[in-house]
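The values are calculated or read from the model by the stated rules, or taken from the named source; none is laboratory data. Because the structure is predicted, anything quoted here is derived from the model rather than measured. Please note: Cβ atoms are built from the backbone with ideal geometry, for glycine as well, and neighbour counts cover all protein chains shown. Surface areas here come from the heavy atoms of the whole protein model, side chains and all, with no ligands, DNA or RNA. Shrake-Rupley method; radii C 1.70, N 1.55, O 1.52, S 1.80 Å.
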Amino acid sequence: MRFNIIRESLLKPLTAVSGVVEKRQTLPILSNILLNVEKDKITLTGTDLEVELTASTELENAEPGEITLPARKFMDICRSLPEGATLQLEVKDTRATIRSGKSRFTLSTLPASDFPSTDSITGAYRFEVKQQELKSLIDRTQFSMANQDVRYYLNGLLLEIDNNILRTVATDGHRLAICELQQDLPQTEKQQVIIPRKGVTELGRMLEDSEQPCTIQLNTNHIKVTLADTVFTSKLVDGRFPDYERVIPQGVDKEILADRELIRQGLLRAAILSNEKYRGIRIQMSEDTLKATVNNPELEEAEEEIDVSYKGDTIEIGFNVSYLVDALSAVLQDEVVIRLFDANSSCLIHGKDDQSAKYVVMPMRL
């Protein structure tokens, strides 16, 4: 097996697939990436047995073959070479030699036959969506996923297909993010799948802000997303996502209209003095004024008064300030609506003229 390639042509697919390779693996083969070389193409594959990424790029007059190389070392070598460098890789027996200019590296290899392969997706529901639309759905909800929660089904993102609506939902039990997109989809019954946290991160990183389409295939165990030269495959979380519609507050009668960036910056300033663990902030609403107060165990205090549009009773309510800031950062409109009912109820946040994305934040006692 032998081929020549320009550094930049190899670095893009190599960076893509290296993201899924764990640094510490119980199986040595999982620290490697698989190289499959054909005469005019090289395909690289990385996996952690849960998520698999495959990326390919063109070659010229290569000598075909298959081998696995240590992902991190191969990546570091390619990164360290100068821009525009030509790299030659040759495999003999169990050694791979990489040459570029006056540099030479010899890496140990493991046989390609040991590399785990993902089951092919059969009987899958299939549809297309623009990359930027899928990326937006993920980016506007993924921050609300739980991290290492014992309720394992919360450590992921719900992807739902329901009557030409593509929807993503994430919750950690204290907040909820929901974003939906009208899409012309093939007829199917309502479908729900949970993509694991690592898969969501890698998929969000892989998608570009472009109108190029990507093909999504779903079955009971896997999701597969195919781009022009990259294929993402992930196992699905086997669990039942909670009924998120019950969490969305109904009958919220107090409405705050505010400049999104003004209120976000005000909360960020107040948060400087918040308790690092609990991140509590006290919000007091009175006519056309939002007053945010923060105290910490050192008896320090921060106070911000923010001009808003509000007509209603005076209300005082506590929140985790990080949750509010995350939700406000995800709203795309310049003006934001915050709806409240009372001091013991969750608040609902969305853009003034756009309810395709909604954010629910539970109150906290201070």
Springs between alpha-carbon atoms under 10 Å, Gaussian network over the chain: tell me which of 314, 45, 293 tops the mean-square fluctuations. 314
With each label point set 7 Å from Cα along the Cα-Cβ vector, what nm distance links residue 265 and residue 291? 2.3 nm
Suppose all protein chains stay in the model; what accessible area per residue would a 1.4 Å probe give for the chain, in Å²? 51 Å²
Per its Cα gyration tensor (rounded if a/c is under 1.5, else prolate when a/b beats b/c, else oblate), region 239-293 is best filed as oblate
Determine how many Å³ per residue the convex hull of the Cα atoms of region 199-280 encloses. 232 Å³
Extended-chain gain in nm, criterion 0.36 nm per residue less alpha-carbon gap, residue 40 and residue 128: 28.9 nm
Magnitude of the Cβ-charge dipole (Lys and Arg +1, Asp and Glu -1) of region 125-183 about the Cα centre, nearest 20 debye, reported as 60 debye
What are the residues whose amide H is under 5 Å from the amide H of residue 335, where those residues sit 5 or more places off or on another chain and H is modelled from the backbone? 260, 352
Suppose only helical runs count, i.e. DSSP H with n ≥ 4. What mean residue ellipticity at 222 nm does that imply for the chain under -39500 (n - 2.57) per run, divided by all residues and rounded to the nearest 500 deg cm²/dmol? -5000 deg cm²/dmol
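Once the convex hull of the C-alpha atoms of region 30-73 is built, how many Å³ does it hold per residue, rounded to a whole number?
Measuring per residue, one finds 67 Å³ for the Cα hull of region 30-73.
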Treating the beta-carbon of each Lys and Arg as +1 and of each Asp and Glu as -1, no other charges, what is the dipole magnitude of the chain about its Cα centre, to the nearest 20 debye? 1500 debye
Rank 310, 278, 45 by how far each Cα sits towards the positive end of the charge dipole of the chain (+1 on Lys, Arg Cβ; -1 on Asp, Glu Cβ) and give me just the farthest. 45
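If you average over every viewing direction, what projected area does the convex hull of the Cα atoms of region 138-293 give, in nm²?
Values: hull surface 48.3 nm².
The number I arrive at for region 138-293 is 12.1 nm².
Taking K and R as +1 and D and E as -1, what net charge do the other residues with C-beta under 9 Å from the C-beta of residue 61 add up to? List each step's numbers first, then the result.
Working: positive: 39; negative: 40, 60, 63.
Once positives and negatives cancel, what remains is -2.
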Expected max-MSF residue from 99, 282, 264 in the GNM of the chain (alpha carbon, under 10 Å) is 99
Mind checking which lysines have their C-alpha under 16 Å from residue 23, skipping anything on the same chain fewer than 8 residues away? 73, 198
Taking springs between alpha-carbon atoms closer than 10 angstrom, which of 148, 192, 131 fluctuates most in the Gaussian network model of the chain? 148
The chain: radius of gyration and largest Cα-Cα distance (Dmax), Å: 24.7, 78
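How high is the FRET efficiency between residue 316 and residue 354 when r is their beta carbon distance and R₀ equals 25 Å, given to the nearest 0.05? Kindly include the intermediate steps, with their values, before the conclusion.
Numbers: r = 29 Å, r/R0 = 1.15.
For R0 = 25 Å, the calculated efficiency reads 0.30.
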For region 202-339, evaluate the Debye formula with one uniform point scatterer on each Cα (no solvent term) and list log10 I(q)/I(0) at q = 0.09, 0.20, 0.21 Å⁻¹, rounded to two decimals. -0.46, -1.12, -1.19
Of 244, 325, 338, which is farthest on the positive side of the dipole of region 203-361, counting Cα position, with +1 on Lys and Arg Cβ, -1 on Asp and Glu Cβ, and the Cα centre as origin? 244
Cα gyration tensor category, rounded, prolate or oblate, for region 308-361 with a/c compared to 1.5: oblate
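Highest mean first, how do 243-252, 75-84 rank when packing is the count of other Cβ atoms within 10 Å averaged over residues?
Working: 243-252: 11.8, 75-84: 13.8.
With the highest mean Cβ count within 10 Å placed first, the list reads 75-84, 243-252.
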